[in-house]
2 protein chains.
Amino acid sequence: MLNFVFKNPTEIIFGKGTIAQIDARIPRDVPILLTYGGGSIKGNGVYQQVTSALEGREVVEFGGIEPNPKVEVCLKAVELARSRQVRFLLAVGGGSVIDATKFIAAAACYEGPDPWDILRTGGRDVKTAIPLGTVLTLPATGSESNGNAVISRRATSEKLPFHADCLFPVFSVLDPETTYTLPAEQVRNGIVDAFIHVMEQYMTYPCDAPLQDRLAESILATLIEVGPRTLAEPQDYASRASFMWSATLALNTLIGCGVPQDWSTHMIGHELTALYGPAHAETLAVVLPGVWAHQLAKKEAKLRQYGQRVWGVATAEAAIGKTEEFFQSLGMPTRLSAYEIDADQAAEAVGRRFTERPVKFGEHGDIDGDAAAAILRLRA
Amino acid sequence: MLNFVFKNPTEIIFGKGTIAQIDARIPRDVPILLTYGGGSIKGNGVYQQVTSALEGREVVEFGGIEPNPKVEVCLKAVELARSRQVRFLLAVGGGSVIDATKFIAAAACYEGPDPWDILRTGGRDVKTAIPLGTVLTLPATGSESNGNAVISRRATSEKLPFHADCLFPVFSVLDPETTYTLPAEQVRNGIVDAFIHVMEQYMTYPCDAPLQDRLAESILATLIEVGPRTLAEPQDYASRASFMWSATLALNTLIGCGVPQDWSTHMIGHELTALYGPAHAETLAVVLPGVWAHQLAKKEAKLRQYGQRVWGVATAEAAIGKTEEFFQSLGMPTRLSAYEIDADQAAEAVGRRFTERPVKFGEHGDIDGDAAAAILRLRA
């Protein structure tokens, strides 16, 4: 086991009818910025529950945050937050709204010349931010319980992650009933996103961390158990609740403690979204089997363990097959052709991105532009 | 799944050579109370590492805290903390030292007439406390990452738990190497204590919480895997590290989120320790099989699931047998006779304690004095 530091101060308020509990958790007498996405929260009762919990307070609204949130849009919210002297941010939505709100929280306190530098430096210099809370309406990214965010820039088709300890939400409300009206495609994406978050922290090499392995396998097995059920029966509380809690624990940083991590699939997936537009989880489902095939020798021991424990199959190859079948069973494509993306062209374009920066990643730090290109060529 | 609130702000600093990191985490220019137990930390280098990390600061020492810490002793530390205007507490030791330090932290800020009332009311009125950090030297109780403590009173042979949110340690250092010199008996006790902490949050009835079940089973399986190895090879870093992390996650309140909890074994065990003196874990190993046998019908579904998943046996009875065998394989007795305690007499004495208060417990709230007596009669 590797040395590690673990701290996750976010308070999780989980269950039916819990949105009203935000009232006691947001400081009184300060202006609040309420952020949200395309407005679905106005159709499903969430907006009403939130505003009724905030009654009597000074609330500034900033809606219209889109998937893969853009810095160009977030900076308008930063301006609004500054001019209205906002002292608390409440993000109501999924990972995109929460990620955008984290950027707003950091950028509003940022004193450098160009807020995009927050992304360029991975958040290294972010030491203070406006405190934020969340009401999660889409289980997927885990952003409700970590200090991470991913922001895109329209001008340059970039999509970059950043992290800061001061960006853990103060609280996050997780009411599974708020997710009953989600489109099936978003639920499918959420299941795959959470599944692959676990994999990035698990599918590396054995390092004497049997508890971390089993915790990761627990989340994988639960997503495999409840994923199809929650897609088929969106209003089955039990399976939706387990899906929601699984997605949070997949990336609240606990299961990654003391173990090597990969994140190649995310690095390559971000570029595909930035260049070609498929949703985050869609790119991950395409890339993951390619990373595994390309790194088969190095990941074989863990792939075999995963296959045996989670799927009851004997070989690494069978474990990869089972995983791809699982994604497909959720209605999730696993090939670039499903998005009419030419594999050779994508390989060249994405490879160039990493060669130019230059950057290497993966648990051995050996995935460079050429390796990324080779991985994508496997996913035609 | 039940509604829940989860918050655990403790920062865990885990791994080899990490004690020096306390320096950056303790406020400067405030008097610090350093608490510890019988002095073993002076023989194994831990005391030297701690004091060298604290060099140049005002440190007041309070050693000699014994197992099952007594309020009579703790109050002397409270007096010392007040007179020296202590503003930070550093507990260096196992659960007893940490629990005592939590009581000192709370009692130093307590304004009621009798600090024992903190225990009588389970910590209900504890809203402020002196902040504390810990350097854990004995994996067992989980006290390094929760807001719980158990304190005894010599005058009345009482042993009671309390809890307050302000008592989560600010940080806890977990360096597995600090535990290499522990006596085998304490390691054995720690394994059993952690195992039964998981059971109190797991062995109830199914409630549509498959992730929580699997997380609990992960810790159980890991303790079964690394427990015998770490007893046999105390200086094997890998197994000691996994044991240490398992014991923390067994009671950092995560696995109990959203599920019914039992705690009967602890309630009855505390009385046995208070009345007859066996160590905490020793009483738990005696009581647990009795609670299960007594509650067999109500716990059968979960006992069977546990047996199948963790031990590969088919029935609830076989699962109980495997558990008792596991404890015995660690050198842990599972019968009252091992401590020369008469079962009938203990049943009467412990039963009376619960009948007098009166108090009922267990996941159905149906374990009263009579049930506790019946449980103990099964453990002759």
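For B:Ile151, the amide hydrogen comes within under 5 Å of the amide hydrogens of B:Leu160, B:Phe162, counting only partners 5 or more places away or on other chains and with H modelled in the peptide plane. By the beta-carbon count within 10 Å of each Cβ, the least crowded to most crowded order of A:Met332, B:Met203, fewest first, is A:Met332, B:Met203. Compute the acute angle (0 to 90°) between the alpha-carbon long axis of helix A:184-202 and the principal axis of greatest extent of the alpha-carbon atoms of chain A; round to the nearest 10°. The two axes meet at around 60 degrees. What is the angle, in °, between the Cα long axis of helix A:237-250 and the longest principal axis of the Cα atoms in chain A? Nearest 10 is fine, range 0 to 90. Helix A:237-250 sits at roughly 80 degrees to that axis.
Here the Karplus relation 6.51 cos²θ - 1.76 cosθ + 1.60, evaluated at θ = phi - 60°, turns the backbone of the range A:82-87 into coupling constants of 5, 5, 9, 6, 5, 10 Hz, with x for every Gly and Pro. Each other copy holds its own label point for B:Leu296; taking that point as 7 Å from Cα along Cα to Cβ, the gaps run 5.2 nm, nearest first. Residue order for A:Glu233, A:Glu317, fewest other beta carbons within 10 angstrom first, comes to A:Glu233, A:Glu317.
One chain, two ends: B:Ser329 and B:Glu72. Fully extended at 0.36 nm per residue, the span grows by 88.8 nm beyond their Cα-Cα distance. Cβ-to-Cβ counts within 10 Å put A:Asp208, A:Asp262, B:Asp114 in ascending order as B:Asp114, A:Asp208, A:Asp262, the fewest first.
Taking the average, over residues, of other Cβ atoms within 10 Å as the packing measure, peptides B:95-105, B:285-295 rank B:95-105, B:285-295 from highest down.
Each peptide in A:275-282, B:59-66 gets a packing score, the mean of other Cβ atoms within 10 Å over its residues, and the list from highest to lowest is A:275-282, B:59-66. For the peptide B:253-266, the mean number of other protein chain Cβ atoms found within 10 angstrom of a residue's Cβ is 1.
Coordinate range of the alpha-carbon atoms in the range B:1-134 per principal axis, descending: 43, 39, 30 Å. The other copies place their A:Asp366 label points at 6.0 nm from this one, listed shortest first, where each point is 7 Å from Cα along Cα→Cβ.
With R₀ fixed at 51 Å, the C-beta to C-beta distance from B:Thr128 to B:Gln235 puts the FRET efficiency at about 0.75. Mean separation of Cα pairs under 8 Å and 6 or more residues apart, divided by the residue count, gives the range B:49-140 a relative contact order of 33 percent. The HN-Hα couplings worked out from phi for the range A:285-293 by the Karplus form 6.51 cos²θ - 1.76 cosθ + 1.60 (θ = phi - 60°) are 5, 6, 7, 3, x, x, 4, 5, 5 Hz, whole numbers, x standing for Gly and Pro. Listed values for the range B:121-133 are Karplus-derived 3J(HN,Hα) couplings in whole Hz (6.51 cos²θ - 1.76 cosθ + 1.60, θ = phi - 60°), namely 9, x, x, 3, 9, 7, 10, 9, 7, 5, x, 9, x, and x replaces Gly and Pro.
Volume of the convex hull of the range B:136-223 (Cα atoms only), normalised per residue: 155 Å³. Only lysine pairs 8 or more places apart, or on different chains, with alpha-carbon atoms under 23 angstrom apart are counted in chain B, and they number 22. Using Cα atoms only, what is the angle between the long axis of helix A:343-356 and the major principal axis of chain A, expressed in degrees (0 to 90) to the nearest 10? Orientation of helix A:343-356: about 70 degrees from the principal axis.
Projecting the Cα positions of B:Gly362, B:Ile151, B:Ala274 onto the charge dipole of chain B (unit charges on Cβ atoms of Lys, Arg, Asp and Glu, taken about the Cα centre) puts B:Ile151 furthest along the positive direction. Considering every pair of different Cα atoms, what Kirkwood radius, in Å, is found for the protein assembly as shown? It works out to 27.3 Å. For Cα pairs less than 8 Å apart in space and 6+ apart in sequence, what is the mean separation divided by the residue count of chain B, i.e. the relative contact order in percent? Contact order relative to length: 15 percent. Among the residues of B:209-220, the average count of other protein chain beta-carbon atoms within 10 Å of the residue beta-carbon is 6.
In the assembly of identical copies, B:Asp117 has its label point, taken 7 Å from Cα in the direction of the beta carbon, separated from the corresponding points by 5.6 nm (ascending, one decimal).
Under 5 Å between amide hydrogens, built in the peptide plane, is the criterion, and for B:Glu61 it picks out B:Leu34 among residues at least 5 positions away or on other chains.
Three principal axis extents of the range A:276-354 based on alpha-carbon atoms, in descending order, are 36, 28, 17 Å. Relative contact order, whole percent, for the range B:11-178 stands at 28, derived from Cα pairs under 8 Å and 6 or more residues apart. Shielding value for B:8-19 is 5, the average number of Cβ atoms from other chains within 10 Å of each residue's Cβ. Think of each Lys and Arg Cβ as +1 and each Asp and Glu Cβ as -1; about the Cα centre, that makes the dipole of the range B:11-178 roughly 160 debye. What's the minimum Cβ distance from chain A to the axis relating it to B, in whole Å, and which residue gives it? That would be A:Pro9, 2. Summed over qualifying helices (DSSP H, 4 residues or more, each -39500 (n - 2.57)) and divided by its residue number, chain B shows a 222 nm mean residue ellipticity of -14500 deg cm²/dmol.
Spin-label model, B:Arg87/B:Ala293: points 7 Å from Cα along the beta carbon direction are separated by 5.7 nm. In the frame of its principal axes, chain B has Cα extents of 60, 47, 43 Å, reported largest first.
Since every read-out is calculated from the coordinates, none of them should be taken as a lab result. Note that the coordinates shown come from a computational prediction; the quantities given were computed from them, not determined experimentally. Cβ: placed from backbone, ideal geometry, glycine included. Neighbour counts: every protein chain shown.
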